[in-house]
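Taken together, the values in this text are just the output of simple stated rules run on the coordinates, not laboratory data. For clarity, every value in this text was computed on a predicted model and none was experimentally measured. Quick reminder, even Gly has a Cβ in these numbers, built from the backbone with ideal geometry, and neighbours come from all protein chains shown.
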Amino acid sequence: MKKSKLIIVLTASLIIIAVTVALAVGAGYFPGLMVPSNNKTRKITANQAKSMAGKVLSKAGITDTVSTPELVNEQGSKTDSWLLKADKNANVQVDADTGELVSFTNFALLNKLEEEKNGQAKMIFKVKALSLRNQIVKDLGLKIKGKEIDMTLETNGGIEHQAYWSTRWHRETDGYPFATDFISLDIDAFHGQLLGYEKAFHSDEPASTEVLVDEPKARTGASKFIARDLAARGIELSADKGTLIIVRPTYYWTDHPILNTPPTTRLAWKFVLTTEYGDGEIWVDARDGAILGGGETQTAKPK
C-alpha cells in the first residue's frame, strides 16, 4: 500500500467510530487514542464531571451506575478530559478545564436498535428530528459553535435498522472552516434519542487569516508542485475552483507511515486532485504560497 493512502481524513460519524474500532484517523493524528493524565491544574473536579455525565446519561435514559472519573488526554487534544463509563452502556467525556461535554457514545441504544430490527417503529422525519436535536442541545446546555452542515440521514455501515440523523458543525475562524475540527451530534432515526456526540476541537487558532496569495497564483503553485512531484503517479489538478480552509499542515517527511502533525494551523487554498483512487486534495498557504500538504503530498520527495 502506498504511504499516501495511509494518511486519510476519516469523516465518518462518531457512532460509526464507536461501533467499529472506537478510533478515528484524522489528518495526521489519532483523535480517540487516550492515555492517563497526571495534570494537576485542571479546573473541573471529578465530582463536577460526574454531575455533567449524569445529566447526559439521564437525557439518554441510561440509569446505570457511573464509574469513577478517570483523567485522560486524547491524542491530538490540547486539554485533558474526564472519562466516565456507565457499565457497558455508554461512555462520556467531560472537558477538565471547561466542564463542557466532549463526547458521548450510547451503546445501549445501539443494542436496542439491533433487538428491534424485525419490528421497528417508523422512521422519524427530518423536521421532527431537527426539533428533537434542538431540544437536546438546549437541555444539555451544549455550546454549539461553527457553521452548521445540513442534517443528513446516515446508516451504521449500511445497516438500515441502525439509521440515525446526523448534524455536523465545522469550527470556524473569521468565517473560514477548519478542515479537521468539528462538532457532531447524532440521534437515532426511530426514537429520536441521543446516540452520539463529539466535540473535536484539537487545533490551534491560525496566527493570521490574511489572504496575500490569490486563487490563480495559488493554483499556479499547486500545478508546478504536481508537475514536479506527483504527475508521474497519474495525479492531476482538477478544474474546480480553490476554496479557503484552515488546515493542519501535513507536508512533512518521516520513516513512520503515519504522520503525527502538530496542532499548528494555517489558512490555505484547497484544490481538488484527481487520482486513481478518487479525489484528493492539495493545500497552498494563503499568505506565502507554500505547499502545506493534503491527501496526496506525503510521498513527494523534498527538494
Need one number: nm distance between label points at Thr264 and Asp139, each 7 Å from Cα along Cα→Cβ, rounded to one decimal.
4.5
Give me the number: length gained by fully extending Ala121 to Lys78, i.e. 0.36 nm times residue separation minus the C-alpha to C-alpha distance, one decimal in nm.
11.3 nm
Considering only the other residues whose Cβ falls under 13 Å of the Cβ of Lys217, what net charge follows from Lys and Arg at +1 and Asp and Glu at -1?
-1
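State which entries of Lys78/Lys241; Lys126/Lys241; Lys143/Lys217; Lys78/Lys143; Lys88/Lys122; Lys145/Lys217 exceed 29 angstrom in Cα-Cα distance in the structure shown. Display every interim value, and only then the final one.
On the way: Lys78/Lys241 34 Å; Lys126/Lys241 32 Å; Lys143/Lys217 38 Å; Lys78/Lys143 18 Å; Lys88/Lys122 27 Å; Lys145/Lys217 32 Å.
Over 29 Å Cα-Cα: Lys78/Lys241; Lys126/Lys241; Lys143/Lys217; Lys145/Lys217.
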On a full-extension model of 0.36 nm per residue, what is the gain between Glu114 and Lys43, subtracting their alpha-carbon distance, rounded to one decimal in nm?
21.6 nm
Provide the net charge surrounding Ile124, with neighbours chosen by a C-beta distance below 11 Å and charges set as Lys +1, Arg +1, Asp -1, Glu -1.
+3
So how do 106-117, 233-244, 190-201 stack up, highest first, on mean other-Cβ count within 10 Å?
190-201, 106-117, 233-244
Set the Förster radius R0 to 25 Å, insert the Cβ-Cβ distance between Thr220 and Asp279 as r into 1/(1 + (r/R0)^6), and round the FRET efficiency to 0.05.
0.75
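For every other residue with a beta carbon closer than 15 angstrom to the beta carbon of Val94, add +1 if it is Lys or Arg and -1 if Asp or Glu, then tell me the sum.
Once all neighbours under 15 Å are counted, the net charge is +1.
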